[in-house]
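To start, the structure under review is shown below, and the notes come after it.
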Amino acid sequence: MSSKRTDMRSTPPARNERTLRSIKAGIEQMVTRAVAAQPVTDLHTHCYTPRFGAAPQPGGLLLWGIDELVTYHYLVAEVFRIVPATELPYDTFWAMSKTEQADHIWKHLFADRTPISEACRGVLTTLSKLGLDPNEKTLAGYRKWFAKQNPSQFVDKVMETANVDWIVMTNPVFDDHERGIWERDPDVAIDDRFAAVLRIDPLLRNWTLAGKKLREWGYNVDETFTDRTAAEVQRFLRHWLDRMKAIYVAMSLPPEFAYPNPAQPNADAFLEKALLPVLAERKMPFAMMIGSRLQVNPSLKDAGDMVGKSDVQSVVRLCDRFPRNKFMVTMLARENQHELCVAARKFGNLLLFGCWWFLNNPVLIEEMTRMRMELLGTTFVPQHSDARILDQLVYKWEHSRRIIAKVLIDKYNDLEASGFHVTEDHVKADVARLLRDNFRAFVGK
Ligand code: RAT
Ligand code: ZN
């Protein structure tokens, strides 16, 4: 063996402490810069184009501004821990105007206490990044500031502040109010800043209800999932995918979701005979958000949902039996995350995304991002905002970017310690994959 070959195989000289310290500082700078500079494609939000109507217009679907921010359902749940329903009955709270509800929440969560929870902190980060002082005792000053904004320009301002390049909506076609808007206004979604997603929960959660609606809308479906029903459901799906120019189909599913599920033959048939064939033909992903147990406390309305552990093996079976389909999956229970990562190692047609809802807390985002990176490299989407109020894009991304950067810095330092040189090109490419490109490639955009 020549001495040259021996040289190539030998390990590089170990780096001394000082060199490693300066490498560390360089990595921290590179990563912080790259993560801040990389525009994010936000793959799951509940934000809408201004043509859907904007708050405070009655029925407006684009929610924005201080009163919406402060009455976010995460904060409604939190205020009822401080002023319980025995003191302020649920009905009394819901009968209050939006501004009264916001004043109540601001007083109890922000003025009389330290706003330390993640949802509270989010409001403060948002205000501060928009240039406002988050220390006000009342909402009056903020209301004046927001009253001067115009919704469409505010979309630009928020996207610029959050450095988001595309906002993916959630468009529940079984919601009568929203469907009415799509039917009345052909141009409602024409806005380069937004993309649509066809959301169809009732088709799996409640076929009896979904079937009844489909019949009302002129689709010839039966109570059981016959071949004629399958063809009609396919016609319905194709119509709405085209109408919305949807980029994927999404569902939120209960912890009990199972595939196959002999107890629910209509659900299996819906997947096998209607949804998955249409999506395979269009090379379009099916996003499953699994683990939400709805309305454990209905008096809390949107704030009344809960988490439950789900069955990862059902996801494995779907990925295995439908190799022509693409699946995007997020699960709500912390306990499911490890098994889900391992499942993603087995199937190229499975893309994990986001830290959903009750997982959108720094401690869990960090844990999940580390685990995903260690098991999957950069082949996942670390976060989505789930913003219901446009302004929340600002804090959800500010907070998550910091954590994603922290994890990357640690991982690159580990690589350097092994002798591998991490360059700015590596960092930029990884960050682009995580925050934008993995998702865009998966949906073909
Ligand atoms: O995070 C939330 O706001 C939840 O209420 C849900 O919207 C959930 O994200 C969903 O899309 O069902
Ligand atoms: Zn959501």
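Odds and ends about this structure:
- Take the Kirkwood radius over Cα pairs of segment 262-347, plug it into Stokes-Einstein at 25 °C and 0.890 mPa s, and you get 171 µm²/s for translational diffusion.
- Accessible area (Å², per residue) of segment 66-148, counting only protein heavy atoms and a probe of 1.4 Å: 50 Å²
- Long-range amide H partners of Arg199 with built H, under 5 Å: Asn171, Val173, Ala250
- Compactness of segment 66-148, expressed as Rg and Dmax over alpha-carbon positions, Å: 12.4, 38
- Considering every alpha-carbon pair of segment 215-260, the percent of pairs per 5 Å bin, from zero through the bin containing the longest distance, is 5, 17, 19, 18, 25, 15, 1.
- Per-residue Karplus couplings for segment 401-415, computed as 6.51 cos²θ - 1.76 cosθ + 1.60 with θ equal to phi - 60°, are listed in order as 4, 4, 6, 4, 5, 4, 5, 4, 4, 4, 5, 5, 5, 4, 5 Hz, Gly and Pro entered as x.
- Derived scalar couplings ³J(HN,Hα) [segment 178-192; Karplus, 6.51 cos²θ - 1.76 cosθ + 1.60; whole Hz; x for Gly, Pro]: 5, 4, x, 5, 4, 6, 7, 10, x, 9, 4, 9, 7, 6, 4
- Taking the convex hull of the alpha carbon positions in segment 145-265 and averaging its projected area over all directions gives 10.1 nm².
- Amide hydrogen neighbours beyond the local backbone of Leu352, cut-off 5 Å, H modeled: Val329, Val381
- For segment 388-445, the fraction of C-alpha pairs farther apart than 19 angstrom is 46 percent.
- Stokes-Einstein D (µm²/s) once Rh is taken as the Kirkwood radius of the chain over alpha-carbon pairs, at 20 °C in 1.002 mPa s: 90 µm²/s
- As a fraction of the 1.4 Å probe accessible area of the chain, surface on carbon and sulfur atoms comes out at 52 percent.
- Over segment 125-208, the fraction of Cα-Cα pairs per 5 Å bin, rounded to whole percents and listed from the shortest bin up, is 3, 11, 16, 16, 14, 14, 12, 9, 5, 1, 0.
The values are calculated or read from the model by the stated rules, or taken from the named source; none is laboratory data. Remember, it's a predicted structure, so these values are computed and weren't measured experimentally. The protein model used for the area step is the full one, side chains on, heavy atoms only, and it has no ligands, DNA or RNA in it. Shrake-Rupley method; radii C 1.70, N 1.55, O 1.52, S 1.80 Å.
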